[in-house]
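This report refers to the structure that appears directly beneath it.
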């Protein structure tokens, strides 16, 4: 389903809901090992920045922990 704008619509709705609920932060994670460059670019477009990373041993991967501060 990549490239059809569904993720963008979902995140726009998520951000609107978070703001209307008084949230100040939205978080996510995406794979960095093995790399998921499309997900990295997608999340960068929404202003996410890395706040940490962790290895998910059961899935044999490393993920980037991301956050974005919401404007008030």
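Values computed for the structure shown
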quantity: Shape call, the chain: gyration tensor on alpha carbons, a/c limit 1.5; calculated: oblate
quantity: With Cα atoms, 0 to 90° folded angle of helix 6-20 axis to the chain main axis; calculated: 50 degrees
quantity: Relative contact order, percent, the chain [alpha-carbon distance under 8 Å, six or more residues apart]; calculated: 36 percent
quantity: Computed lengthening from residue 54 to residue 27, 0.36 nm per intervening residue step minus Cα-Cα distance; calculated: 8.3 nm
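Values quoted throughout were computed directly from the atomic coordinates according to the rules given, and no laboratory measurement underlies them. Keep in mind the model is a prediction, meaning the values are calculated, not measured.
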